[in-house]
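Report on the structure given below.
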Amino acid sequence: MMIMRDRKIAVIGAGNMGSAIAGGLVKYADAEICLANRSEDRLVKFADAYGSRPNLKLTTDLADAVVDASLVVLAVKPWAMKEVIDQIRPSLLDDAVVISVAAGIGLADLKEMIGRDSVGVVYMIPNTALQVGKGMTFAASAGVDNERLDYIHSLFAPLTRLKFIDESKIGAAMALCSCGIAYVYKFIAAAAQAGVELGIPYDDAVDYFTATVNGATALVESSGLTLQQLVNAVTTPGGMTIRGVNELERKGFTAAVIDSIIAPLKK
């Protein structure tokens, strides 16, 4: 079976997320990548980071960027989305697929702004770890066939773990992962503070505990054991770890984590 590919992919917006996506696509996609941004300074910064590549074009002309692009990634702020779409709409291919990474602008909103039924849309919520080729990204789609969805999945595979879900679940997925990554940072920072109290320099404590988190994640993904089995494996009866685990529960650790993930969705 022949693997489909795009001749040209346009990324509109060279902020942190747009640059991360464009940078990954430049490295891994078999296509011309055109990164567009209204101000030139961010494009210069991107060029400094990624250098000159034969499949990369940089431009401040948003409309020109999407000419002949079968896939267009909109990495702009939600408040700027309509203005940007108005600017690029005349240059969009009739069978283009538009991916938006702007939180809060759903599929119906995108369809209405684009105003062209033949253009497929994807609402994508990346995790910021995409910048280092990690993390969890969620997406929902409308008017995009399975072949194109499979292609988009393979296109982003080197950058992030991507899961297409029903749009109604996007909010929950954001609360769990897009918000959840901040809670992991807080956990690492708190552990490092404890390390300082125990005599370990802060930067060293961050380094040590980050390696511990990475190791725990790797075991969750590869060991085949349940989370409770993994906890049991390191909690010797009468030992140090079980005293710490029980203290977490006495302080309401599990309830606090659950509440922190549910809280962003409360009105």
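The values are calculated or read from the model by the stated rules, or taken from the named source; none is laboratory data. Model, not experiment: these values are computed from the prediction. Glycine also receives a Cβ, built like all others from the backbone with ideal geometry; neighbour counts cover every protein chain displayed.
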Report summary line: Within region 19-49, the count of residues that are free of Cβ contacts under 8 Å to residues at least 60 places away in the same chain and touching a strand residue (DSSP E or B) at 6+ places or on another chain (Cβ under 7 Å) comes to 11
Query raised in the report: Within region 1-67, which strands (runs of 3 or more DSSP E) (wholly inside it) include 3 or more residues that are over 14 Å from Ile88 (Cα atoms) and assigned by TED's automatic domain parsing to the domain that holds Val101?
Result: 56-59
**Report entry** Pairs with Cβ under 6 Å, 6+ apart, first in region 116-130 and modelled with pLDDT under 95, second in a strand (DSSP E or B)
**Finding:** Ile125/Phe138; Pro126/Thr137; Asn127/Met136; Asn127/Thr137
Query raised in the report: Among (1) under 18 Å from Met174 (Cα atoms); (2) crowded, with 18+ Cβ neighbours inside 10 Å, which single condition is Ser70 missing?
Result: (1)
Query raised in the report: Quick one: is Ile188 assigned to a helix (DSSP H, G or I) and closer than 23 Å to Gly104 by Cβ?
Result: no
Report task. Within region 74-93, track down each residue that is without any contact (Cβ under 8 Å) to a residue 60 or more places away in the chain and in contact with a Leu (Cβ under 9 Å, 6 or more places away or on another chain). Result -> Met81, Ile85, Gln87, Ser91
